[in-house]
Each structure stands twice: as C-alpha cells, then as structure tokens.
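First up is the structure itself, then whatever we jot down about it.
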Amino acid sequence: MSVSLKFAILVCFASVVKAGLSLPGLFSVPNTFPNISACVSQPSFFSCENTTVITNTCCSPTPGGLVLQTQFWDTYTGLEKRGQLLPKNSWTIHGLWPDNCDGSFDQYCDLSRQFDPSPSPAILPDGTVVPSYTGPPVETFIQAFGRQDLLDYMNDFWVSQGSPNTDFWGHEFSKHATCTSTFDVACYGPDYRLHQDVIDFFDAVVRAFHQYPTFNMLAAAGITPSNATTYTLPQLQNAIKAQTGSIPFFGCTTNGTILSEIWYFSHVHGTEQFGTYKTIDSTTPSSCSATGPIRYLQRTPTSERDVRLFP
C-alpha cells in the first residue's frame, strides 16, 4: 500500500470519527445494548428487594429478579469427533435463569423469539405447545453482528453434552431470556436490530460466568477432580462461600454421589445485562448427599482442550 493511499484512508477515518459516525464491519461492530436511559431517573435497588412497584421493567429484571448463573461439570460431550470439547481446568456454562422472587419460574415466555430446536418442556403447564425451531442456528445471529470473539468464547466455555452447542444456546435464550424483562425487545427502542437482544443475552451470560470461576475457587481450597478422592457437601459449600459469601446450589447425580452442577443465586442491582450481582444463599436444597462421600470426577482426557478462561 502506498504512503499516499494510507494517508487518504487515515484522513477518511478521522473525518468519520469527527462526525460521530462508524464504519460497520471495518472499524467496529454494531452495539447491542438496550436504550435504558430512562432508568437513570428511576429508584435504585437490588432486584427482589424493592419496596415499591417497578414501573419500568427494562430497568430491573421483573418478576424474575432472583437470577441464577448456572454451570455444569461434565466429563465428556459425546460429540468429540466433531471437535466439541470441554475447557480444561474450568466448569462450563449452563445458563442465566430468571427465577421469580418467590422461587417459582416461567419459561418460553415469548414464542415469537423461540429458537430452540428441541423445546423442553414441549408443552407448558397451561397447555401451550412450544413449537420446534427449524430456522438458521443462533450462531448465525452472532456472526451477523460480527462477534466472532463472542462465538469463539461460547464454543470454548458454553459446551453442550449430546447436542450441538448452537442448539443448546438457542434453548437457553428461548426458555430463559424471553422471561427476563430487561431483554424484552421493547427495551431496545425504535432502532432495534433483529436478534440484538439475543447477542446482548449471550454477552450477559459470559459476564456473569466470569464472576464465578468455580474450578479455581474449589482448587484453591484443595478440591480438584479425582477418581480416587471424595469430598463432603460441607467441604464444597464452605470452599465457595469463602469466596462469594454465600452457599450456592450443588447438584449431584447417581443418588447424590456424583457432582455435576452448581447454581449461583443473586439479586441484581440494575439490569441483568450490566448490573451488579449480589450473591445470596441458594433457595433450592442441594441434590447432593448431605452426609455421604461425593465424587468430583476427572474428565476423559480426550474430551478436553486447553483454553484461556480470561482473554
């Protein structure tokens, strides 16, 4: 490239910046955040702790203000031959769930934003049938926004067992994010771009996941995967409480003996996308044995790959 051409490009770029414009796909990617400027003048509180009625549900998750950041400990994916591997030395993302403040929850709240190829449940408690999604996979939504960085991270840490990752992501958005008021399409205003809310949700899930590095917190307390050593539920609970101040939900399979899940319960100050998470004790009793040994199994070596938890 000639010096004169480089200079012309720099002059053009400087003019665009001065004018407050952008060059999509060349120097920037589209923003995905909602228009919540009206929230600046609203009362400030943690979700589920407000003393007055929330008038603008774009400002705080309503009624699903009990937010759960959930993670899996799987030992294999079943799709290793397709390159779908687990991140070494890290748990994986399950989702970000908006339970109601009383512990109940809703699901598939907006069927116009249903991107789940295999809805579960397929029929809601009120008899509503959740249709299977047959359109383009949600990974194409991410690519359309130029967010290869987000897609790469999700493929590293938001890993499904027994199904393609993109199907799992579509399930989590459709079942949970559509029941979170701060991701409502109306919150994005007249400039809403199709699937903007989906990308915003995925970003929020990754931000929340970063707050709870489960593998590292347990390992720092001497609790690491082993096919020989066992642990007790109080050991697991105390290790996490020492770092977060609260006791999460620990989930176990095989009659409460095999560790498989963790759920971090929080109240959120502000929106689920950008707010501060205040971790609270789990409102759901653990499914792990309260007295017996618990196994935190090593993964199949061929099911893992090296990744960086923090870019």
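Only the Cβ atoms of Lys and Arg (+1) and of Asp and Glu (-1) were treated as charged; on that basis the dipole of the chain about its Cα centre amounts to roughly 860 debye.
Assuming R0 = 30 Å, can you tell me the calculated FRET efficiency for the pair residue 76 and residue 235, based on Cβ-Cβ distance, to the nearest 0.05? My answer for the efficiency is 0.75.
Long hydrophobic helices in the chain, taken as whole DSSP H segments with a C-alpha length of 20 Å or more on their own axis and mean Kyte-Doolittle hydropathy at least -1.0: 3-18, 196-210. Listed by chain and number, the aspartates and glutamates whose C-alpha is less than 16 Å from the C-alpha of residue 81, apart from same-chain residues fewer than 8 away, are 156, 304. For the stretch 37-305, the pair-distance distribution built from all alpha carbon pairs, in bins 5 Å wide starting at 0, is 1, 6, 12, 16, 18, 17, 14, 9, 5, 2, 0, 0 percent. If a/c stays under 1.5 just call it rounded; otherwise compare a/b with b/c (prolate if a/b is bigger, oblate if not). Do that for the stretch 215-311, with a ≥ b ≥ c from the square roots of the Cα gyration tensor eigenvalues. Judged from the Cα gyration tensor, the stretch 215-311 comes out oblate (a/c at least 1.5, b/c at or above a/b). Mean projection of the Cα convex hull over all viewing directions, computed for the stretch 44-195: 11.0 nm². At an R0 of 30 angstrom, the distance between the Cβ atoms of residue 302 and residue 269 translates into a FRET efficiency of 0.10.
Using a cutoff of 8 angstrom between alpha carbon atoms and counting only pairs six or more residues apart, the relative contact order for the chain works out to 24 percent.
In the P(r) worked out for the stretch 49-131, what percent of Cα pairs fall beyond 15 Å?
Counting pairs separated by more than 15 Å, the tail of P(r) holds 72 percent.
For the stretch 37-305, with the dipole built from +1 on Lys and Arg beta-carbon atoms and -1 on Asp and Glu ones, taken about the Cα centre, which of 264, 214, 140 lies farthest toward the positive end? Positive-end residue among those listed: 214.
Quick note: the coordinates plus some simple rules give every number you see, no bench work behind them. Note that the coordinates shown come from a computational prediction; the quantities given were computed from them, not determined experimentally. Every residue, glycine among them, receives a Cβ derived from its backbone with ideal geometry; neighbour counts consider all protein chains shown.
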